[in-house]
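Novice: Okay, handing you the structure first.
The values are calculated or read from the model by the stated rules, or taken from the named source; none is laboratory data. Bear in mind the structure is a predicted one, so any value in this text is a computation, not a measurement. A quick note on method: Cβ atoms are made from the backbone with ideal geometry, for glycine too, and the neighbour counts reach across all protein chains shown. The protein model used for the area step is the full one, side chains on, heavy atoms only, and it has no ligands, DNA or RNA in it. Shrake-Rupley method; radii C 1.70, N 1.55, O 1.52, S 1.80 Å.
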Amino acid sequence: MHGQATKRRPRSRATLFLALASLASLAVLLVGIAWPALSPHPRMIWRVGSDLHEARQETEVTSGTPVALEVDLPFPAHVYVASWSTAMGTIALFPSEHLATARANPLPAGKHHLPGLHEDTPTTWPTPNVVGPVYYLALVSCEPRPQIEAALRRVRQMGHLGQPGTGIEDRGMYVFVPEAGLDEAVPPDVPVAPEFDAARTVLGELAGQEGSGAARELPGEAGVYARPFVVIGH
């Protein structure tokens with residue numbers, strides 16, 4: 001009949017269900033693609049030299065060149081730092097029984113400069129007197145790792161002579177013999193802890209990339225992140 005509005009047929013429930021299912025599938029796909037980028041991983045910036053510039057992998061250094069680590073933690077964490085070379089073996093850098101800085105595990109979320117401040121002055125680690133590659137290995141763990149802490153106590157440690165209460169004003173860094181003595185120290189060619197060895201070997205391909213960036217979770221070690229950094233001593 002003319003002048004009468006045509007009635008729309010109601011949309012079928014099947015069509016509506018298919019539309020909603022398609023939207024849900026698209027949302028799951030987009031979340032799956034974006035999740036790796038949104039997943040919070042610690043970031044590390046290795047700094048080298050008197051000006052503490054951001055360094056590239058395999059930067060050439062001389063003995064005593066200052067090295068520091070800037071770590072950006074998206075969550076509270078325990079941080080463990082060590083260096084390794086075939087000549088010196090493993091040297092514990094953080095934590096260290098001889099380190100006289102205000103930093104201590106666990107570190108809160110946020111940016112941190114390691115090894116930290118000594119009497120309000122930023123400190124650095126000097127590179128060892130080594131010809132060839134020196135690996136700097138930083139591990140970030142959501143939980144404390146007693147086995148790593150025990151291993152770091154069995155190796156040489158870097159720290160300050162000027163400990164609080166000693167009256168010594170020397171802010172320089174030195175390498176100290178393990179408390180148990182060199183006879184009980186870990187030999188240079190023996191991995192001090194599986195996690196550090198994995199950071200050096202399993203994640204070794206990161207040593208060919210930029211010196212700074214997101215840490216990677218160690219295979220088989222949930223909640224443990226690492227990024228190796230290599231300098232070349234000459």
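Novice: From Ile91, Ile45, grab the single residue that is out of contact with any Cys (no Cβ under 6 Å at 6 or more places or on another chain) and either open to solvent by 20 Å² or more (accessible area, probe 1.4 Å) or in a loop (DSSP other than H, G, I, E, B) (or both).
Specialist: None of the other options fit; the residue is Ile45.
Novice: Let me ask something else. Which members of the range 101-131 meet the condition of being on the phi > 0 side of the Ramachandran plot and at pLDDT 95 or above?
Specialist: Passing the criteria: only Gly110.
Novice: Let me ask something else. In the range 54-78, what residues are under 17 Å from the mean Cα position of the chain (by Cα) and part of a strand (DSSP E or B)?
Specialist: Within the range 54-78, Glu54, Val67, Ala68, Leu69, Glu70, Val71, Asp72, Leu73, Ala77, His78 meet the criteria.
Novice: Report yes if some residue within the range 2-19 is closer than 29 Å to Glu205 by Cβ, of a type in the set (S, T, N, Q) and at pLDDT 55 or above; otherwise report no.
Specialist: No, because not a single residue in the range 2-19 is closer than 29 Å to Glu205 by Cβ, of a type in the set (S, T, N, Q) and at pLDDT 55 or above.
Novice: Same structure, new question: Does Ala55 satisfy the condition of being more than 19 Å from Glu217 (Cβ to Cβ), open to solvent by less than 50 Å² (accessible area, probe 1.4 Å) and at pLDDT 95 or above?
Specialist: no
Novice: I'm trying to understand the selection: among the residues of the range 189-214, which are in a loop (DSSP other than H, G, I, E, B) and at pLDDT 70 or above?
Specialist: Val192, Ala193, Val202, Leu203, Gln209, Glu210, Gly211, Ser212, listed by residue number.
Novice: Look through Val31, Val81 and report the one residue that is modelled with pLDDT of 95 or more and either assigned to a helix (DSSP H, G or I) or among the aliphatic types (A, V, I, L, M) (or both).
Specialist: From the options Val31, Val81, the qualifying one is Val81.
Novice: Sort out which residues of the range 217-234 are over 18 Å from Leu69 (Cβ atoms) and assigned to a loop (DSSP other than H, G, I, E, B), and write them in order of number.
Specialist: Passing the criteria: Pro219, Gly220, Glu221, Ala222, Gly223, His234.
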